[in-house]
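Here is the structure we will look at.
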Amino acid sequence: MPDAVTALIEKIRLRTARVGIIGLGYVGLPLARAFARTGFRVLGFDIDPQKVAKLNAGKSYIQQIPDATVAGMREKGFEATDRFDRLGEADAVLICVPTPLTDAREPDLTYVVNSAHAVAAQLRPGQLVVLESTTYPTTTRNVVLPVLERTGLAPGSDFLLAFSPEREDPGNATFSVNNIPKVVGGLDKASGDAACALYSAVVPQVVRVNTPEVAEACKILENTYRAVNIALVNELKVLYDRMGIDVWEVIDAAKTKPFGFQAFYPGPGLGGHCIPIDPFYLTWVARQYGLNTRFIELAGEVNTAMPAFVVSKVADVLNDAGKAVKGSRVALLGVAYKKDVDDPRESPSFELLDLLLKKGARVTYNDPHVAALPKMRHWPHLGAMASTPLTPDYLAAQDCVLIATDHTAYDYDAIVAHSRVVVDTRNATRGVKEGREKIVRA
Ligand SMILES: NC(=O)c1ccc[n+]([C@@H]2O[C@H](COP(=O)([O-])OP(=O)(O)OC[C@H]3O[C@@H](n4cnc5c(N)ncnc54)[C@H](O)[C@@H]3O)[C@@H](O)[C@H]2O)c1
């Protein structure tokens with residue numbers, strides 16, 4: 001084993017290795033917390049100076065991470081910076097930057113490439129670099145490695161390179177970095193050894209795979225599996241609705257089978273930074289190999305049709321009350337992409353808002369976790385909106401209340417009691433006993 005690698009593994013063992021994390025978002029910040037808790041000195045890098053200032057002041061900007069946690073991390077030596085010339089201070093650099101799609105729905109690796117250049121500018125012998133951002137297989141080898149190699153340093157001996165996908169599930173109170181197994185694929189044996197040594201210090205189980213490509217493909221398989229299965233239940237939701245069969249009851253019954261079935265639930269469409277996006281990274285790379293990923297395309301088609309299905313349900317209930325969508329008051333409950341999180345990225349609620357506004361509905365929203373709608377790249381025309389307090393008067397003044405996100409904080413009995421009609425896309429009202437005739441599932 002090269003001397004630099006032996007020295008790095010020893011530093012990891014002694015917890016004297018400094019861990020650099022690029023991108024302090026929903027993934028990078030919990031990762032920084034995990035390393036800080038284990039006794040590593042963590043240096044976080046972010047291009048957003050406001051985030052850096054907040055963190056250094058011991059404050060959080062992510063709801064699941066309280067201020068006290070950041071303050072505790074600070075006491076353990078965590079520091080944030082936007083000075084990328086400090087990357088040389090880190091013994092291990094973990095890249096957790098966004099991997100969105102371009103407007104043409106192709107992988108946008110700008111953030112990853114920029115990070116690779118920043119790392120390359122300070123690369124020194126004995127450093128381990130790990131890409132954690134979700135991406136298509138071959139990115140580590142074909143996109144990141146060439147940038148690092150241009151320094152003249154050699155992989156596997158001077159520096160080490162691996163891919164290890166992040167499996168963070170925001171809002172999940174049971175699973176976080178410190179109890180989710182971590183898949184690690186090194187470019188070579190030395191890189192794999194070093195990356196496994198590092199993660200073994202903070203996670204319960206490291207699953208070592210032979211190449212970065214296996215680790216990259218594993219993450220995309222996990223997300224594609226979700227996208228496809230959610231599409232399946234969304235398709236069945238529309239069919240069963242037409243047949244008068246309760247899809248939720250069907251799934252509850254099916255999941256009593258102790259093997260061979262995993263429950264997925266229908267909803268108003270896909271949301272978040274991962275499931276609606278990552279499979280299309282695979283679609284793109286498949287095209288480079290002359291293949292189509294038809295399951296992914298079909299799942300995308302079914303899932304993106306859901307907001308229109310929901311709006312047609314809203315139109316139906318208004319119609320039943322002798323009203324047009326145009327001019328009707330509709331309260332949208334929940335703009336976060338899933339329950340109990342404050343993240344509205346890629347939320348189907350934007351599509352619902354847009355469709356309803358285009359039909360002339362007077363739409364307002366409430367979300368206990370999203371006080372104001374941030375400007376969204378894909379929805380530049382949606383004006384500024386703030387969450388309306390969820391009072392009985394507000395609910396009673398609506399022609400239709402549309403539940404898009406099933407936040408735990410909502411009192412569903414009260415919502416149904418005060419509303420004229422509730423369109424429920426998440427079966428959030430399943431426990432409501434009174435006023436069930438006012439509930440329509442969509
Ligand atoms: N959010 C999730 O649930 C989740 C789960 C698993 C994997 N992932 C993947 O992890 C990656 C990061 O996602 P996220 O949700 O944490 O994103 P995020 O937007 O919450 O955070 C990314 C952070 O990176 C910063 N940033 C952007 N460019 C940078 C650069 N060049 N240098 C330094 N910082 C930079 C941004 O300011 C931001 O703070 C993505 O590839 C995503 O697909 C996300």
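The values are calculated or read from the model by the stated rules, or taken from the named source; none is laboratory data. Source: prediction; values computed, not measured. With ideal geometry, Cβ positions are generated from the backbone for all residues, glycine too; neighbour counts draw on all protein chains shown. We work out accessible area using only protein heavy atoms, side chains counted, and drop any ligands, DNA or RNA first. Shrake-Rupley method; radii C 1.70, N 1.55, O 1.52, S 1.80 Å.
What the table shows:
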quantity	calculated
Low-density loop cleavage sites - trypsin sites (Lys or Arg not before Pro) in region 212-302, where at most 16 other Cβ are within 10 Å (DSSP)	K255
Cα-centred dipole magnitude for region 5-131, charges only on beta-carbon of K, R (+1) and D, E (-1), debye, nearest 20	560
Restricting region 140-198 to chymotrypsin sites (Phe, Trp or Tyr not before Pro) in coil, as DSSP defines it, with at most 14 other Cβ within 10 Å	F175
Phi to ³J(HN,Hα) by Karplus 6.51 cos²θ - 1.76 cosθ + 1.60 over region 260-271, Hz, x for Gly, Pro	x, 9, 10, 6, 10, 10, x, x, x, x, 8, x
Cβ charges +1 (Lys, Arg) and -1 (Asp, Glu), total dipole of the chain, debye	260
Net charge dipole size for region 180-228 [Lys, Arg +1 and Asp, Glu -1 on Cβ; Debye, nearest 20]	140
Heavy-atom accessible area per residue - region 1-97, 1.4 Å, Å²	42
Additional length obtainable on full extension of the chain from F259 to A305, 0.36 nm per residue less Cα span	13.5 nm
Whole-angstrom gap from region 132-170 to region 4-71, using each part's C-alpha centre	19
Loop GluC sites (Glu not before Pro), region 350-442 (other Cβ atoms within 10 Å of the site Cβ: 11 or fewer; DSSP)	E434
Potential extension, R287-D252 segment - 0.36 nm per residue separation minus Cα distance	8.8 nm
Viscosity 1.567 mPa s, 4 °C: Kirkwood-radius Stokes-Einstein D of region 312-398 over Cα pairs, µm²/s	96
FRET E, pair N56, M243, Förster distance 41 Å, beta-carbon r, rounded to 0.05	0.10
Set of lysines near K54 by C-alpha distance (under 30 Å), chain-local residues within fewer than 8 positions excluded	K11, K76, K182, K338, K339, K375
The chain: calculated mean residue ellipticity at 222 nm from DSSP helix runs of at least 4, using -39500 (n - 2.57)	-11500 deg cm²/dmol
For region 206-248 and region 259-325, distance of Cα centres in Å	11
Mean accessible surface per residue for region 325-442, computed with a 1.4 Å probe while every protein chain stays in place, in Å²	43
Accessible-area composition of region 218-354, carbon plus sulfur, in percent [1.4 Å probe]	58
Farthest toward positive dipole pole in region 130-255 [+1 Lys/Arg, -1 Asp/Glu at C-beta], among A231, L145, A190	A190
Farthest toward positive dipole pole in region 308-442 [+1 Lys/Arg, -1 Asp/Glu at C-beta], among A404, A321, A372	A321
Rg/Rh (Cα only; Kirkwood hydrodynamic radius) as it applies to region 100-229	0.98
Relative contact order (percent, whole number), the chain, Cα cutoff 8 Å, 6+ residue spacing	11
Two-decimal Rg/Rh across region 234-372, once Rg and the Kirkwood Rh are taken from alpha-carbon atoms	1.02
Portion, in percent, of the accessible area of region 125-179 that falls on carbon or sulfur, probe 1.4 Å	50
Candidates G28, G88, G186, ranked by Gaussian network fluctuation over the chain, Cα under 10 Å, top entry	G88
Solvent-free Debye scattering, log10 I(q)/I(0), computed from the Cα coordinates of the chain at q = 0.07, 0.09 Å⁻¹	-0.39, -0.63
